[in-house]
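Worksheet: the structure to be examined is printed underneath.
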Amino acid sequence: MNNRFKKTSGVIKGAPSGFVISLGIHAAAFLLAGMLVVFNVVKKEEKKFVPPKPVDRPKMKLKKPKVKVKKTSKPKSTTRIVTKVKRASMPDIQLPEMGGMTDGLGDGIGGFEILPNLEDVTQFGASASIGSDLEGTYYDFNRTRSGAPVITDPASLAVMLNRFFTQDWSAKVFSRYYRAPQKLYTTSVAMPPMQSIEAPAAFGEEDGKGWCWLVHYKGQLVHSEDITFRFWGHGDDALAVRVNGEFKLLACFPEWVTDFMDNTSHHWQSSSADNRKYPAGNHHSVVGDWITLKAHEAQDLEILIGESHGGIFAAMLMVEVKGEEYERNPNRNGPTLPFFKTAEFTRDMKELINYQLQPGEATVEGGPVFNDYSSPKTVAEQVVLSTPDTPVAESVPAIGKKESSFRTWTSAAGKQFEARYKTLMGKSVVLESTRGKQKQVPLAELSILDRDYITLLNPPDFKIELSKSSNQRALPDESPWLGEGNRRLQIVDHLFGVRVKPISANVAYDHELTVEYFVFGDEAGGDNFILLDRNSGSFVPDDQEDGAFSFASEDEVEMKVQSLYDGDLRGVKYGGYLVTISDEEGRVIQHKATHEFLYEKLENLKRVPVSKHFDKDCKRVAPPRPTPSDRPNWI
C-alpha cells in the first residue's frame, strides 16, 4: 500500500537541520548582547586635564651693547693775549630765572652740571650758562639794526646812555642799533685795562670796532647768608650798577662824564669820603651805596659797561663787606678788595685777570660768592675739575738707537739664547751675552721677529725742519675820536708745521714713527715763556715718497704785542721750538730744539696746556704782573 506524506531527516520540517541550529545560535547571541546593553551600567572615567608637554624653545644669548666714546683732545684755552681759537657760533640758551637757587632743589643743586664751554671763556663771559651768572647783550652803535654802517660819536652815545638811565634801563632806547645774536654769560666784572676791541671779538663780532659799544648784563643777586656790602668800581668809559631798579653805583670815566654827561648827577652820586680816592685800572674807584641781602632772597641785578672813544677799556667791579678788614694797597694805601663774582674763579680766569691787574688794586682771591647753592664751591669745583692739565702718557725711557736690554733671541734654526743688542754692522749684528762677551751674528741666522726688532732699533736719521708762515692782522679802523699815534696793538697770525726727511736714501723702515712739535713764545716784559702751539702726526717711512713726511696745524696762532700806556709793552713774540721723533713704542729716537732745556724737561712740558706760561723747568707758572711804573703818572 502507498504513504501520503514523505518523511524528512531535518529538525524542522522543510528546513535543513544545520541552518536551524545556526539561526538559534545567532539569536541567542543577539539576545545576550541586548541584555548586556540594557542591564549592565557602564561607568565612564572622569576626564582629567593633562597639561601639554613644554615646548623646548631655543634661547638667544644677548650681548651687552658696547658704546664707543670718541676721545677728543683738550680744547685750547682762549687767553686772547696768546692764541686765536675759531669759535663755532652757538644758539641762544634760555634758562629759567635762578633766583632762590635752592627752591625746588631740595638740599642743593646736587647733580647740577651745566658747565660753560671752557674753550669760549673770556673776561666778558662764556657762551653757555652755569646758572648763577649774568646774561650779557652786546650793542654796536657803529651799525644799524640791519647791520648798515652808521656814525655815532661819543657825545651821541652819552645822550643815549642818559636816556637809557632815565627810561628805566629800557633796551628800547637802543632798538635802532645793532645787537649781537651771541649772548655771553659772566660770573664777574673783572676787566683791568685792555684793548677795547676785545669786547666785539668776545661776542663773535671780529669785524666790530673798538668804540661806541655797550654791554648790558642782567641776572640775579643772591647770597646764601645775610650780608651787607657795597660795590666799588671803575669804568673806562662806562660802568653802572642797579639792584631791584635802584642805582647803586655809577663809575664812568670822569672826563667823559664831564664832557658829555653833565646831567649824570641826577642819576646817582657817591656819598663816601673814599670816593675817587684810590686807584683802580686807569683811574680811581667810585664807592657805591650799602646793600643788604637776606639769605636766599634774590634781587634783580643789572650791570652796564661800555666804551665811547676806543683805545683802552676797563671795567672793574669789587665788593666791600661791611665790618671786614682788608689788606692795603702798598702803592696808595687803599683797600685791596675782592672782585664781585657769582662763582669761584678758575685758575685760567685768575691768570687772565691778573695779566693786566696792578697788584694791590683788587684781588681774585677770597671775598663773597653771590649764589645760594647749598655748597658755594659746588659749581666752582666742577669747573676746575673740567680744566685739567694736558694728560701725559706713561713715561717710557728712551733707549737710543744703538742699545737695548737683555732679551731672548731665536736663531733661524729655532735655538734660543739670552743676549743684548749692541750695534748693527752691515749685514751682521753685534750681540752681548749675559757673561759680557760680544759676538757678531749674521742677520740671516736670526728669526724674522728678531730681524724686525733690529729694524725697529735702527730708524733712519732725519733732517728736521720747523716751518712757519706769518700774516700781519688787518685791525679795525683806528678810532676817529682819538689823537694820532694811538695805535697800541700789533697782531701777527702764525701757522706752524714740521717736515722730516731721511738723510740717507733708500733706507728701509716699515714701522710707524710719530713726529711732535712744541712752539713757544717769549713774554714781552716778562721772564718766562708761553706754549703757543703743540701738534703731532704719524707716518711709516716705507709708505712715503723718499721717506719724507710733513704736516702743519690747522689753527692759526695769534701773537699780540700791545701797549696800554706809553712805553709799557705786553705780549708775545716767537721764542723757539722742540721737535721729537718717537718710535711705535713711544721712545724718542731723535729730536731738535732751539733750547735744550725743552727736551731735558720734556715730561714737564707735556703737562703745560697750550697758551699757558712756563719756566725753564717747563712747569706751569702764572704770567708776569704789571708794575707800578707801567701806569700813567696821573693815576
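The values are calculated or read from the model by the stated rules, or taken from the named source; none is laboratory data. Owing to the predicted nature of the structure, the values given are computational and were not obtained by experimental measurement. So basically every Cβ, Gly included, is an ideal-geometry build from the backbone, and we count neighbours across all protein chains shown.
Restricting the first residue to region 445-468 and requiring it to be closer than 20 Å to Arg587 by Cβ, which pairs with a second residue that is part of a helix (DSSP H, G or I) meet a Cβ separation below 8 Å and a spacing of at least six or different chains?
Short answer, once both residue conditions are applied: Arg451/Leu443; Ile454/Leu443; Pro459/Pro541; Pro460/Pro541; Pro460/Gly547.
If you scan region 412-425, which residues turn out to be within 13 Å of Arg451 (Cα to Cα) and either in contact (Cβ under 8 Å) with a residue 40 or more places away in the chain or of a type in the set (Gly, Ala, Ser) (or both)?
Selection gives Ala412 alone.
Return the residues of region 426-445 that are among the small types (Gly, Ala, Ser), at pLDDT 90 or above and under 20 Å from Ala508 (Cα atoms); say none if nothing qualifies.
Ser428, Ala444
I'm trying to understand the selection: among the residues of region 390-414, which are in contact with a strand residue (DSSP E or B) (Cβ under 9 Å, 6 or more places away or on another chain) and at pLDDT 50 or above?
Residues satisfying the conditions are Glu403, Ser404, Ser405, Phe406, Arg407, Thr408, Trp409, Thr410, Ser411, Ala412.
Filter region 551-575 for residues that are among the polar types (S, T, N, Q) and at pLDDT 90 or above and give the result.
Hit for region 551-575 is Ser553, nothing else.
List the strands (runs of 3 or more DSSP E) that sit entirely inside region 276-365 and contain at least 1 residues that are within 30 Å of the chain's Cα centre (by Cα), on the phi < 0 side of the Ramachandran plot and crowded, with 20+ Cβ neighbours inside 10 Å.
So the answer is 299-307, 312-321.
Could you go through region 168-183 and let me know if any residue there is under 19 Å from Phe345 (Cβ atoms) and out of contact with any Gly (no Cβ under 6 Å at 6 or more places or on another chain).
No, there is no match, as no residue in region 168-183 is under 19 Å from Phe345 (Cβ atoms) and out of contact with any Gly (no Cβ under 6 Å at 6 or more places or on another chain).
One line per residue, one yes/no per condition, for (1) among the charged types (D, E, K, R); (2) in contact with a Leu (Cβ under 8 Å, 6 or more places away or on another chain); (3) free of Cβ contacts under 8 Å to residues at least 60 places away in the same chain:
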| position | (1), (2), (3) |
| --- | --- |
| Glu556 | yes, yes, no |
| Lys560 | yes, yes, no |
| Tyr577 | no, yes, no |
| Lys592 | yes, yes, no |
| Leu602 | no, yes, yes |
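Give the residue that is nearest to Ser196 (Cα to Cα), with candidates limited to residues of region 226-239 that are among the aromatic types (Phe, Trp, Tyr) and buried (at least 24 other Cβ atoms within 10 Å of the Cβ).
Trp232
Restricting region 544-583 to residues that are in a strand (DSSP E or B) and among the small types (Gly, Ala, Ser), which is farthest from His494 (Cα to Cα)?
It comes out as Ser582.
If you check Val507, Val519, which single one turns out to be at pLDDT 90 or above and either under 27 Å from the mean Cα position of the chain (by Cα) or in the same structural domain as Pro626 (by TED's automatic domain parsing) (or both)?
Unique residue meeting the criteria: Val519.
Out of (1) under 28 Å from the mean Cα position of the chain (by Cα); (2) at pLDDT below 50; (3) surrounded by fewer than 17 Cβ atoms within 10 Å (Cβ to Cβ), the odd one out for Thr387 is which?
(3)
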